[in-house]
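These notes concern the structure reproduced below.
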Amino acid sequence: MAASSRSLSATLRTFHTTHPSVRRPSPAVPVLPQPSSTANKLLRHSLRSKGVTVIGTNPKKLSFRTKSSMAEMATEKGKGKLQVFNSEEELAVSLAKYTADLSDKFAKERGAFTVVVSGGSLIKSLRKLTEPPYIDSVEWSKWHVFWVDERVVPKDHPESNYKLAYDSFLSKVPILPGHVYAINDALSAEAAADDYENCLKHLVKSKVVDLSAVTGFPKFDLMLLGMGPDGHVASLFPGHPLVHENKKWVTFIKDSPKPPPERITFTFPVINSSAYIALVVAGAGKANVVHIALGNGQNTDLLPVQMVSPEGELTWFLDKDASSKL
């Protein structure tokens, strides 16, 4: 790659922007009545007809839960676990606990917790981590934060995923400044992708980031992904050749169908090497794509979100609007 000749020290040097603390490469829900045996069977039949199986055989597990998930299900093999919530607020509460639990697990096991975030509405859904009890109980010093994709714009630009994460999340939690890895926005899209990949290689070598023994690609502890209404994840869009990239860790796009056009993005081999992936989807505007991905909706081509299939564990976090067509 073009940036491979640069020294790692240059790749990882600290820089100052409008947000200097960053290192770059270079009310309760009522309990509902328990379903009868007949209702139990009908519910199972309905879900199975849509390619979804309810977890467990106890009718109590088919009931709606207080405060947390409206229903917890397992999708057909390869599609991961599915949790559906009465509201985005309840989704955010559960996502915070899920993330905090994994933070504790990996901090104890590895001494580090590598977290990859995306842009869009995903960042808003992390807001409960900035509140008690998590703001005080999470071992933030163990966190290392990365971006699954980024727009090649200045960090103070309204379209910057870094700015979105900083304003809504990073500025409110005590993650160490040197553990936040943003792209070098002074470079071209191609050079920024090379630069970010070099950073990841250094962090794998220093064992901050794990390496998958199965794929040989970096294995992040947790990847927090959103999904676009067209089914894209990261900056991997339907019908774009980059969905088939299988050699690079980080690549670039100059013709994104969604502005801004120039971006960098993790490739699917990196995404799918993750230990845990949370796919967070809220809103009725995404119900059609959720139906295609998890139900029996039809689409001529495989959507990028359908290509998310980690060697670890995949969990869908949906609000009831996003799951309305399942």
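The values are calculated or read from the model by the stated rules, or taken from the named source; none is laboratory data. Just so you know, these numbers come straight off a predicted model, no measurement behind them. With ideal geometry, Cβ positions are generated from the backbone for all residues, glycine too; neighbour counts draw on all protein chains shown. What goes into the accessible areas is simple: the full protein's heavy atoms, side chains included, and nothing from ligands, DNA or RNA. Shrake-Rupley method; radii C 1.70, N 1.55, O 1.52, S 1.80 Å.
Yes or no: residue 172 out of contact with any Phe, Trp or Tyr (no Cβ under 9 Å at 6 or more places or on another chain) and of a type outside the set (Ser, Thr, Tyr)?
Working: out of contact with any Phe, Trp or Tyr (no Cβ under 9 Å at 6 or more places or on another chain): yes; of a type outside the set (Ser, Thr, Tyr): yes.
When the stated conditions are applied, residue 172 passes them.
Quick check on segment 146-168. Is at least one of its residues farther than 20 Å from residue 263 by Cβ and more than 18 Å from the chain's Cα centre (by Cα)?
So far as segment 146-168 goes, no, none of its residues is farther than 20 Å from residue 263 by Cβ and more than 18 Å from the chain's Cα centre (by Cα).
Checking residue 129 against (1) open to solvent by less than 20 Å² (accessible area, probe 1.4 Å); (2) assigned to a loop (DSSP other than H, G, I, E, B); (3) farther than 24 Å from residue 270 by Cα, which test does it fail?
Result: residue 129 fails condition (2) only.
Would you be able to tell me the number of residues in segment 267-307 that are within 21 Å of residue 218 (Cα to Cα), open to solvent by 10 Å² or more (accessible area, probe 1.4 Å) and β-branched (Val, Ile, Thr)?
Within segment 267-307, residues that are within 21 Å of residue 218 (Cα to Cα), open to solvent by 10 Å² or more (accessible area, probe 1.4 Å) and β-branched (Val, Ile, Thr) number 0.
So which residues in segment 139-178 are charged (D, E, K, R), open to solvent by 50 Å² or more (accessible area, probe 1.4 Å) and not in a helix (DSSP H, G or I)?
Answer for segment 139-178, where residues must be charged (D, E, K, R), open to solvent by 50 Å² or more (accessible area, probe 1.4 Å) and not in a helix (DSSP H, G or I): 139, 156, 159.
What tally of residues in segment 83-103 results from selecting those that are under 16 Å from residue 277 (Cα atoms) and open to solvent by 10 Å² or more (accessible area, probe 1.4 Å)?
Result for segment 83-103: 7.
Tell me, which residue of segment 308-326 that is acidic (Asp, Glu) and not in a strand (DSSP E or B) is surrounded by the most Cβ atoms within 10 Å (Cβ to Cβ)?
The first filter runs over segment 308-326 and keeps only residues acidic (Asp, Glu), leaving 311, 313, 319, 321.
If we keep only those that are not in a strand (DSSP E or B) too, we end up with 311, 321.
Values: 311: 14, 321: 17.
Applying the filter and picking the extreme gives 321.
Across segment 244-266, which residue is surrounded by the fewest Cβ atoms within 10 Å (Cβ to Cβ) among those that are closer than 16 Å to residue 226 by Cβ and in contact with a strand residue (DSSP E or B) (Cβ under 8 Å, 6 or more places away or on another chain)? Let's see the steps before the verdict.
Of all residues in segment 244-266, those closer than 16 Å to residue 226 by Cβ come to 256, 258, 263, 265-266.
Checking the rest, the ones that are also in contact with a strand residue (DSSP E or B) (Cβ under 8 Å, 6 or more places away or on another chain) come to 256, 263, 265-266.
Values: 256: 20, 263: 29, 265: 28, 266: 34.
Checked segment 244-266; the qualifying residue surrounded by the fewest Cβ atoms within 10 Å (Cβ to Cβ) is 256.
Would you check which residues across segment 179-211 are outside any loop (DSSP other than H, G, I, E, B), open to solvent by 50 Å² or more (accessible area, probe 1.4 Å) and out of contact with any Pro (no Cβ under 9 Å at 6 or more places or on another chain) and list them? Working first, answer last.
Of all residues in segment 179-211, those outside any loop (DSSP other than H, G, I, E, B) come to 179-181, 189-205, 210-211.
Within this subset, residues satisfying the condition of being open to solvent by 50 Å² or more (accessible area, probe 1.4 Å) are 190, 201-202, 205, 210-211.
Correct list: 190, 205.
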